[in-house]
1. If amide hydrogens are placed 1.01 Å from N in the peptide plane, which non-local residues have theirs closer than 5 Å to the one on A:Tyr609?
2. How much FRET efficiency would the formula 1/(1 + (r/R0)^6) give for A:Leu203 and B:Asp610, where r is the Cβ-Cβ distance and R0 is 30 Å, rounded to 0.05?
3. Which whole-angstrom value gives the distance between the alpha carbon centres of region B:228-279 and region B:347-367?
4. How large, in Å, is region A:3-287 by the Kirkwood hydrodynamic radius built from its alpha-carbon pairs?
5. Calculated from DSSP H runs of 4 or more alone, at -39500 (n - 2.57) each and per residue, what is the 222 nm mean residue ellipticity of chain B, nearest 500?
6. Would you mind calculating the gained length between A:Asp108 and A:Glu384 on full extension (0.36 nm times residue separation, minus the Cα-Cα distance), in nm to one decimal?
7. Averaged across the residues of A:191-202, what count of C-beta atoms belonging to other chains lies within 10 Å of each residue's C-beta?
8. Taking 7 Å along the Cα-to-C-beta vector as the label spot, tell me the B:Arg123-A:Arg150 distance in nanometres, rounded to one decimal.
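What follows is calculated from the coordinates using simple rules that are stated; it is not laboratory data. Keep in mind that what you see is a predicted model, and the values were worked out from it rather than measured. Every residue, glycine as well, gets a Cβ built from its backbone with ideal geometry; the counts of neighbours run over all protein chains shown.
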2 protein chains.
Amino acid sequence: MRKSIATVSLSGRLIEKLEAIAAAGFDGVEIFENDLLFHDGPVRDVRRYAADLGLTIDLFQPFRDFEGVSDEQHKRNLVRAERKFDLMGELGAPLMLVCSNVGTDVADDDGRAAAQLFELAERAARHQLKIGYEALSWGTRVRTFDHAWRIVETVNHPHIGLILDSFHTLALPDDWSSLRNLPGQRIFFVQLADAPRLGMTPLTLSRHFRSFPGQGDLDVPGFLQAVLATGYSGTISLEIFSDETRSAPPRLTAEDAFRSLRFLEEQARKQPVRQENASEARRRRVELFDPPPPPVISGVRFVEFAVDQRSERPFAALLEQLGFRHLGRHRSKEVSLFGQGDIRIVVNREPDSFAASYFLVHGPSVCALALETDDALAALGRAEAYGAARFDGRVGPNELAIPAIRSDAGSVIYFTDREIAADFETDFEIDPDAAALPALLTRIDHIAQALPDGQLDPSVLFYRAVLGLEPEAPVVLADPYGLVRSKAVSNPERTLRMPLNISESRNTVTARSVSNYGGAGVHHIALATNDIFAAATSLKARGAVILPIPVNYYDDIQARFGLDDDRLAMLRDANILYDRVGDGEFLHFYTMPFEDRFYFEIVQRIGGYDSYGAPNAPVRMAALAAGRMSARDLAEL
Amino acid sequence: MRKSIATVSLSGRLIEKLEAIAAAGFDGVEIFENDLLFHDGPVRDVRRYAADLGLTIDLFQPFRDFEGVSDEQHKRNLVRAERKFDLMGELGAPLMLVCSNVGTDVADDDGRAAAQLFELAERAARHQLKIGYEALSWGTRVRTFDHAWRIVETVNHPHIGLILDSFHTLALPDDWSSLRNLPGQRIFFVQLADAPRLGMTPLTLSRHFRSFPGQGDLDVPGFLQAVLATGYSGTISLEIFSDETRSAPPRLTAEDAFRSLRFLEEQARKQPVRQENASEARRRRVELFDPPPPPVISGVRFVEFAVDQRSERPFAALLEQLGFRHLGRHRSKEVSLFGQGDIRIVVNREPDSFAASYFLVHGPSVCALALETDDALAALGRAEAYGAARFDGRVGPNELAIPAIRSDAGSVIYFTDREIAADFETDFEIDPDAAALPALLTRIDHIAQALPDGQLDPSVLFYRAVLGLEPEAPVVLADPYGLVRSKAVSNPERTLRMPLNISESRNTVTARSVSNYGGAGVHHIALATNDIFAAATSLKARGAVILPIPVNYYDDIQARFGLDDDRLAMLRDANILYDRVGDGEFLHFYTMPFEDRFYFEIVQRIGGYDSYGAPNAPVRMAALAAGRMSARDLAEL
């Protein structure tokens, strides 16, 4: 379908916005009036510049507080409208959005509203323009699409039609099932927006917290499906009011926005079609985006760390404390492979490599993940269809070329499959004895990332679209120096779990991992064990330093969970945290951070526990903070 | 009254919090359980440390989801309670807060709730402890203080009483007038919090947006008055859950919090007392904070700018472009006085002075304001009573010592009165001819400040308490690179108006004035004229560079206000912005920023216009941004 976006959805000045919108691949644009008013130059230049960029101007908006007013006010409104029609003429915008009146003095009289809109449609027709009437969910009288539709039906003029907005429909608790029965040719435009359910009025939610489809909690795919069922085949457009996108770089926002519409189309394509509607099914096949299916991900094949000469040895020592063995060296590069169980860690200090560039910006850190998929090339194809940038690493003679992309955070995601996975270790000279040793840690449980402010929604969408992961319920975690918002993405088999975290405060441990290095980064990797007490003992014996947990914590979990004294003592002595949901238990402990950048977590899941121990996050954060920040440090902030 | 605060209201680790709370002057503290659990050390140490700081531990909280449960759950709850009673014993906390059950499985049976609470009270009594029962506004069954009170009355046990929380009462729409009829001796504790009205459910509002009394929209003074009418004479305590205080430095939060309780007491003292309640009136006189009354402020006597040798000449040139004359030099310092009409501007480049230190941090900027008051020493007394730091500037021989304080932002506020104001210019060698010239600009209309993130609420309270200013309605302004939140404080006579602005984004023009220099600062000063067209012509003739306004803006105001073509052309030609509310009109234009730091606004108010042209703020911000930031700059962010 044709794709458009309202200029209000991006930050910046009008020309910047148009450039970003065109670069992301949109077909058209809704011009939000303020952007035009504040543009320093003739309106015709905007029209020409959009055309040069290959963008149509689909809509001019908003025209407010028009219908249902007194005769005197109506006259003034028509004068105002004429001026805007002139402006639209210069701009080349064919359609004006009129949103339902939110004024205090609006007659509860659909006949009056219809008569006034008829006159507006007549005037518009003289200018060869059209009017789209939209119900705002907080309109004084008209709040729903069906009420707006009754009025448009009454007006019965070819130059007025309905504009639908998924937010205004889905933010209200009302039943909207009749939407699919609207006549599609009377729908002049469709605006799409998502939003999280935050316990706010629609007005507050709409003004500050809208998000792109796939980033919130509203059923936007179901909405689009209903729109398609009406026979509508026009443009779908995004209209987002968001405190976050208002301050984010417009290019990144536009890419995120375009990805959201493609992903929405893929989701709508998958919605069941009612039997009676064969033409809808046909149209979907033709019109809706159809990328390769998401990969089946069976796990993390390896994690690659970027190090330098100075940090390589202490990092290798940390890995050995965790029970990893040095499995071998790369045949042609300064790269080592460590492993235990199914976990493989690549340590890269090859000069002139991607890892070396990544190190320069981020310090010692995770620079790449390799995912085990059913079909690596198909996974790459899907990622590229969703706008991910392909990554071609430097490959030496006889070395394996692994399909890869850049993640939204700038690190690399490799796609392996059975064939590539089998070959992967052939680049290394492997010590067969080391590889055969029994392991206490068996696999990677989850990989947690810290994201810069504003990056949570785009990242969630990136992983949904590119990897087919699904978001879990969001949680808010209290660090002693600010709140951290967290949302995990994972696959249905839970063989890939990635908690994504942002900190609005710059003073939390999470934020410091980000802001010191200017980008997102892995802040911890959780490794699974089948016997956490044995793992704790073994790590300690090898010299690993475990994050100490305050004893008062253990009094509380005893009160909460009624643990027996022996088990409690074992947990306490090993600094192991505990959570329980139903019959599932989660036991976990942490290593101290490596160069303030990342740390490891050792976890044991028992009885189908399916979360990440969020109730324990504050004690972990407090313990990390205690190790790092004295009252004096803070006073200097 | 005794003053306390919950540890959850501040950021940091427990010991930091206790230090900050004691330093601010509080008598006691509520210990929020997580702070204790995450404290790395014996609970008894916390007790001793609080005692050493002179703080009592008044309350332990929260104990959740207790009443109205199944018998089996009740047994587990009592085991849990016993553990917490032990903890409270070690801590020396006499009172436990039990908040109403928010679980899904709660019996709608006050008798069961009362019986279970009776048993809890019995257990508490054995430990010499007490229970305070509080209604959460989102409790499953019990949501109001009167429902909680009916249950407490039924329990009828000396070890259980009521805890009131202003937030939970005032956030609901219910009538709470019966609160004053509660028996005061059955109220065991009173928690106070304010909140803005943001269009959210009480739960969302409570968890993230509570504020200290005087910073929100709730009638906390009326609430406290009702509490006093019950005969309650115990502790008043603050319990704030706020995303902002969670990441703000705890010392500043504690000072802000303490000021809020004093200010609340002053407000409650002023509330009318019902005739029948003479004892309440008496108690108020004894117990409630009673500072000197706020000063009557008749205007801004002078504004002082800190400059250095390099910036002094261009700044003086700017003042001369605005029509200011050099009135004279200071007798003993490197300080000049400029003036026109009633406006006086002091330009200070004296080395080794406060202005010189301020310059080092902030660059060329406003370092001091002098306010004309009815009684400068009384104003100073009030400010000090509210915890403002007295400022004693270096004074030379025969120079005037002006009473002064440090503002919350670190600049200086001088208090002058009739006597001092008359003497003020005697420190300068005044050129009588220059002083007598006619003036186009007559007085200071308003002074706008940019504040660092998180500082808006504390600043509003500072100006309310210290200067007796009142907040005007908040507005949200759209800069092209992020939202700016603004709240003006002013006196009833409108002789002092100060819009306070924060930008959550770091990319706005407003934010850049702050963040480049690490503190709040004046970003523009508005000067009033009685003839803005003459002023514009005159400034232009003197070489002032006026902020250019896009012509498209003028098409819109013509459409909105129906201005006639001649007047519109005059506005457009002079880059004058226009606003109208009722019969009041506001005309204003801006100079280009001086060294990216501040700028001047020229304003004319007609017909009682009482605002700041907020609808024009986005066009001003876009115009400022256009002058400063190209698409390329932004791409590099």
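1. Amide H to amide H, under 5 Å and 5 or more residues apart or across chains, A:Tyr609 pairs with A:Glu585.
2. 0.75
3. When both Cα centres are located, 37 Å separates them.
4. Final number for the Kirkwood radius of region A:3-287 is 19.1 Å.
5. Mean residue ellipticity, 222 nm, calculated: -11000 deg cm²/dmol.
6. 94.1 nm
7. 2
8. Distance between the two pseudo-spin positions: 5.7 nm.
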